[in-house]
Amino acid sequence: MRIELIMTVLAGFAGGLAGTLWAGTVSSVLLARRPELIAAGWRPDTAWRVLHTAALYGLCGAAAGLLFWFGWGLVAFTNSPWFMVGASYGLLLWFAAAFPALLLLSLRVPALRAAGVVMAIETLVAAVSVGLLCAFAWQRAA
């Protein structure tokens, strides 16, 4: 396997773990403040749930890193600095995957709108972290 592939997948995994860090420090605090979410059955994070969240974010980040590698590091951005490529890729990931799902959930279940906004920000942080770390790993390997 090429070093670019390994480094990009690992960078995607690390970027995904940034989503776990955000979830544990910011999202959980914001969600705990919403009484309508507690009434709907929201439960605070446990160690087991944080582990599952980390595994999910890490695996999705690794898959996004593999997708970045398959896209040859977004070759269309040849004259752009690496952080512009990474931020663009992260935003594309977020708009293609997380944003539609969270927006549709928020529209269909009005009680979950506040949670949808918090989760949208959390997934945006994770996606942009994945994009930036993948672009940085790609730039370092090139």
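Numbers below:
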{"quantity": "Every pair of residues 6+ apart whose Cβ atoms lie under 6 Å, when the first sits in the range 117-135 and is closer than 12 Å to residue 13 by Cα while the second is of a type in the set (Ser, Thr, Tyr) and part of a helix (DSSP H, G or I)", "calculated": "126/57; 131/89; 134/8"}
{"quantity": "Single condition residue 63 does not satisfy, out of (1) touching a residue at least 60 places away in the same chain (Cβ under 8 Å); (2) within 20 Å of residue 135 (Cβ to Cβ)", "calculated": "(1)"}
{"quantity": "Selection within the range 106-116 - in contact with a helix residue (DSSP H, G or I) (Cβ under 6 Å, 6 or more places away or on another chain) and either buried (at least 22 other Cβ atoms within 10 Å of the Cβ) or without any contact (Cβ under 8 Å) to a residue 40 or more places away in the chain (or both)", "calculated": "106, 113, 116"}
{"quantity": "Filter result (surrounded by fewer than 19 Cβ atoms within 10 Å (Cβ to Cβ) and either among the β-branched types (Val, Ile, Thr) or modelled with pLDDT under 90 (or both)) within the range 117-142", "calculated": "117, 121, 139, 140, 141, 142"}
{"quantity": "Candidates 87, 101, 114 - the one that is within 19 Å of residue 28 (Cα to Cα) and at pLDDT 85 or above", "calculated": "114"}
{"quantity": "3 or more residues buried (at least 20 other Cβ atoms within 10 Å of the Cβ): qualifying helices (runs of 4 or more DSSP H) within the range 1-94", "calculated": "3-22, 47-70, 82-93"}
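The values are calculated or read from the model by the stated rules, or taken from the named source; none is laboratory data. Since the model is a prediction, treat every value here as computed from it, not as a measurement. All Cβ positions, even for glycine, are placed from backbone atoms using ideal geometry, and neighbour counts span all protein chains on display.
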